Amino acid sequence: MMRTWKILGVVFATFLSATAVGSESHQQAWEALKDGRAVLMLRHALAPGTGDPANFDLDDCSTQRNLNDTGREQARAWKPFLAEHGITEARVFSSQWCRCMDTAREMAMGEVTEWPSLNSFFSNRGDGPAQTRQTIALVNQLGSGAPVILVSHQVNITALAGIFPSSNEGVIISLPLAEEPTILARVSPGR
């Protein structure tokens, strides 16, 4: 019985140690984002469905998959979540898809700039490598300033970071961006 308690004690101590290290590394990721040593790249908030309708038109949101009420709430949750980590404004760059632009605007972190390189290549996978390289170049050309937030799509994030994000999930990625970037943390409001 005493041996069982010792084993449980070791397991519990290991868990506490791992939790402390995990929270310390998350804190370092947030500090890197605040200090301009990292960017936050996130997948748009919840927009039910997959891909885009056959009649998709970039200039007509009614032809696209859009945020639902839950998605809008998810997007708005970023502002207080970021504020908890000391970020109250940001330079926000977004895919031109309505669900991304709406996510970026609902975050209310600053002016939103459209970046075509962040557009989805779900239907045109061959465009992925060029768009990923362009996103890397654009981010690395940014000067110092407020933290940088990129709002994009699952395929874009997976191509760059090797991570399959959930809707409204982000990754903090170390700068300079590279084709094999350093992922500092996966983050999302409410987690």
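The values are calculated or read from the model by the stated rules, or taken from the named source; none is laboratory data. Note that the coordinates shown come from a computational prediction; the quantities given were computed from them, not determined experimentally. Virtual Cβ from ideal backbone geometry, glycine too; neighbours counted across all protein chains shown. Heads up: the accessible areas ignore ligands, DNA and RNA and are worked out on the full protein's heavy atoms, side chains in. Shrake-Rupley method; radii C 1.70, N 1.55, O 1.52, S 1.80 Å.
For residue 184, list long-range residues whose amide hydrogen, built 1.01 Å from N in the peptide plane, is under 5 Å from its own amide hydrogen.
Residues meeting the amide H criterion: 172, 173, 174.
Between residue 25 and residue 122, what length comes free when the chain is fully extended (0.36 nm per residue of separation minus the Cα-Cα distance, one decimal in nm)?
Difference between extended and current length: 31.7 nm.
Go through the chain and flag any cysteine with no other cysteine's C-beta closer than 4.7 Å, please.
When partners are defined as cysteine Cβ atoms under 4.7 Å apart, the chain leaves 100 without one.
Which of these, 179, 89, 106, has the largest mean-square fluctuation under a Gaussian network model of the chain (Cα springs below 10 Å)?
179
To the nearest 20 debye, what is the magnitude of the charge dipole of the chain about its Cα centre, counting +1 on the Cβ of each Lys and Arg and -1 on the Cβ of each Asp and Glu? Walk me through the intermediate numbers first.
Values: 16 positive and 19 negative charges, 155 e Å.
Dipole about the Cα centre, nearest 20: 740 debye.
From the Cα gyration tensor of the range 68-157, with a ≥ b ≥ c the square roots of its eigenvalues, which class applies: rounded if a/c is under 1.5, or else prolate if a/b is larger than b/c, or else oblate?
oblate
Going by accessible area, probe 1.4 Å, with all protein chains left in place, what is the ranking of 93, 164, largest first?
Final ranking, largest accessible area leading: 164, 93.
Want the number for residue 174 to residue 88: 0.36 nm per residue separation, take away the alpha-carbon distance, what's left?
Residue separation times 0.36 nm, minus the Cα-Cα distance, leaves 29.0 nm.
Divide by every residue of the chain the summed helix terms, -39500 (n - 2.57) for each DSSP H run of at least 4, and state the resulting mean residue ellipticity at 222 nm, rounded to the nearest 500 deg cm²/dmol. Don't jump to the answer; show the numbers that get you there.
Values: 6 runs with 80 residues, N = 191.
Using -39500 (n - 2.57) per qualifying helix, the result is -13500 deg cm²/dmol.
Whole angstrom only: what separates the Cα centroid of the range 158-191 from the Cα centroid of the range 86-110?
16
Residue by residue through the range 131-144, which ³J(HN,Hα) values in whole Hz follow from phi under the Karplus form 6.51 cos²θ - 1.76 cosθ + 1.60 (θ = phi - 60°), with glycine and proline marked x?
Working through the residues one at a time gives 5, 4, 4, 5, 4, 4, 5, 4, 5, 5, 8, 5, x, 6 Hz.
Find how much the distance from residue 63 to residue 191 grows on full extension, using 0.36 nm per residue of separation minus their present alpha carbon separation; answer in nm with one decimal.
Roughly 42.9 nm would be gained on extension.
Output the relative contact order of the range 29-156, whole-number percent, from Cα pairs under 8 angstrom with separation of 6+ residues. Display every interim value, and only then the final one.
Numbers: 224 pairs, mean separation 42.4, N = 128.
Across the range 29-156, relative contact order equals 33 percent.
What are the radius of gyration and Dmax of the range 133-191, computed over its Cα atoms and given in Å?
According to the Cα coordinates of the range 133-191, Rg and Dmax are 11.4, 32 Å.
Cα convex hull of the chain: how many Å³ per residue?
Convex hull volume per residue, Cα atoms: 142 Å³.
Can you tell me the FRET efficiency between residue 130 and residue 164 if r is taken as the Cβ-Cβ distance and R0 is 22 Å, rounded to the nearest 0.05?
For residue 130 and residue 164, the calculated efficiency is 0.55.
Run the accessible area of the chain with a 1.4 Å probe and give the carbon-and-sulfur part as a rounded percent.
54
Go ahead and set up a Gaussian network model of the chain, Cα springs under 10 Å, then flag whichever of 142, 150, 175 fluctuates most.
Fluctuation is largest for 142.
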